[in-house]
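The values are calculated or read from the model by the stated rules, or taken from the named source; none is laboratory data. Everything numeric here is computed off the predicted structure, so don't read it as measured data. Every residue, glycine among them, receives a Cβ derived from its backbone with ideal geometry; neighbour counts consider all protein chains shown.
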Amino acid sequence: MIKYPMAFPIFGKEEKKNLLDCVESGWVSSRGKYIEKFEKLFADHCGTKYAVAVSNGTAALQLALMATGVQAGDEVIIPNLTFGATANVPMLMGIKPVLVDVDKNTWNIDVAEIEKNISKKTRAVIPVHLYGLPCEMDKIRKIAKKYNLKVIEDAAEAHGAVYKKRKAGNWSDIGCFSFFGNKIITTGEGGMCTTNSKALFEKMITVRNNGMGIGRKYWHDIVGCNFRMTNMQAALGVGQMTRVDKFIEKKKLIAGWYMEEIKKQQVEGYYQQEEKGATSSWWMFTLILPKINDLSELIKYLGERGIESRPIFFPLSIMPAFAKLRKSKTLKNSLSLAGKGISLPMNLKLERNDIKEIVGALKLYLSK
Ligand SMILES: Cc1ncc(COP(=O)(O)O)c(C=O)c1O
């Protein structure tokens, strides 16, 4: 029995009403009133001029690369610590990801490492706001401007995160979000691309719909794909947007409780640091335990006590799928986190005492 799951969706009356409306009206595919409504609500929340709903966060990354014109043979710079989709998408397009190290305090892409790894082939940087903590976007934009690179934010985990008063997804050419079931808001599967550029918005609308232009039916202006979101997914999204800020506030509250308990119970570990100007949306709370030898044993121990947990992402550079990628000379920070970090439950029903119990179990294991 899992007493404390990592995450689960929270739906209310609005989602049920909207979904029923789709089923009863027959508007279940990718046309219908909820798609544009969701896009408008999401763009407003993010502070961008436009948003384009897509089928999932992986599709959002592909749409962003296609729309910005990054092509086979080009290189993109990505952090070595992220979910595999950040690398999979360019690789499947014949684009080479270049893996660079992360900062030791934020675990986000180390800005100083970006410039060192720019080559003649580099076309874009994809910073990832890991676990909800926004990257140093002002510095990244500056480098991108200097070398004429595109910036695509992988904000799959960072809905509502803020860096220097600007939301994640509103700092670059295109921001990419995921609405998978464990994300801050969910549409089952789903994703979104945000932008302030009318040209990129129109290109994304066209690419999303198999390259058919706006206005002329069955006329293919460019090569595209089907990245469309369904009206049913968007119906859930519209409902979720009524509560997104509450969800984010609760995430922040839970993260704060973890920090308090870790200190109180003197757990020897550390977590991502919100550097000046950065406010995480705390999608995940991940703790590095420097002295841990066998993370899977700890995950099993917690599981037996009803506490779900998961390991920190593995650095891409150590996994077979990404063995052939160009790697930065030093990846020491990302490598040092491997096998040492555990993400703890962050579901929105958690209360103060639950966190005390979870950290208590962790402490007990570590004192064994
Ligand atoms: C950093 C990151 N990028 C991309 C994705 C892909 O999103 P999706 O699972 O919706 O395809 C995820 C999903 O977890 C992610 O965490």
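In summary, helices (runs of 4 or more DSSP H) completely within the stretch 210-316 and bearing 1 or more residues that are among the β-branched types (Val, Ile, Thr) and under 24 Å from ALA64 (Cβ atoms) occur at 231-241, 244-264. Scanning the stretch 44-62 for residues that are part of a helix (DSSP H, G or I) and near the ligand (Cβ under 9 Å from one of its atoms), which turns out nearest to the chain's Cα centre (by Cα)? Ranking the candidates gives GLY57 first. In the stretch 173-195, what count of residues is obtained for those that are within 16 Å of the ligand (Cβ to nearest atom), closer than 18 Å to ALA43 by Cα and part of a loop (DSSP other than H, G, I, E, B)? Qualifying residue count, the stretch 173-195: 7. No other residue among VAL89, VAL28 is among the β-branched types (Val, Ile, Thr), in contact with a helix residue (DSSP H, G or I) (Cβ under 7 Å, 6 or more places away or on another chain) and surrounded by fewer than 23 Cβ atoms within 10 Å (Cβ to Cβ) apart from VAL28.
When you look at ALA161, is it away from the ligand (no atom under 12 Å from the Cβ), touching a His at 6+ places or on another chain (Cβ under 7 Å), within 25 Å of GLU275 (Cα to Cα) and modelled with pLDDT of 95 or more, yes or no? Walk me through how you get there before you give the answer.
Working: away from the ligand (no atom under 12 Å from the Cβ): yes; touching a His at 6+ places or on another chain (Cβ under 7 Å): yes; within 25 Å of GLU275 (Cα to Cα): yes; modelled with pLDDT of 95 or more: yes.
When the stated conditions are applied, ALA161 passes them.
Only one of the listed residues (TYR147, TYR131) is crowded, with 24+ Cβ neighbours inside 10 Å, more than 17 Å from ALA60 (Cβ to Cβ) and touching a strand residue (DSSP E or B) at 6+ places or on another chain (Cβ under 9 Å). That residue is TYR131. Counting only residues that are part of a loop (DSSP other than H, G, I, E, B) and closer than 24 Å to ASP44 by Cβ, the stretch 135-172 holds 15 of them. Residues of the stretch 31-62 that are in contact with a helix residue (DSSP H, G or I) (Cβ under 7 Å, 6 or more places away or on another chain), over 23 Å from TYR163 (Cβ atoms) and not hydroxyl-bearing (Ser, Thr, Tyr): ARG31, GLY32, ILE35, LYS37, PHE38, ALA53, VAL54, GLN62.
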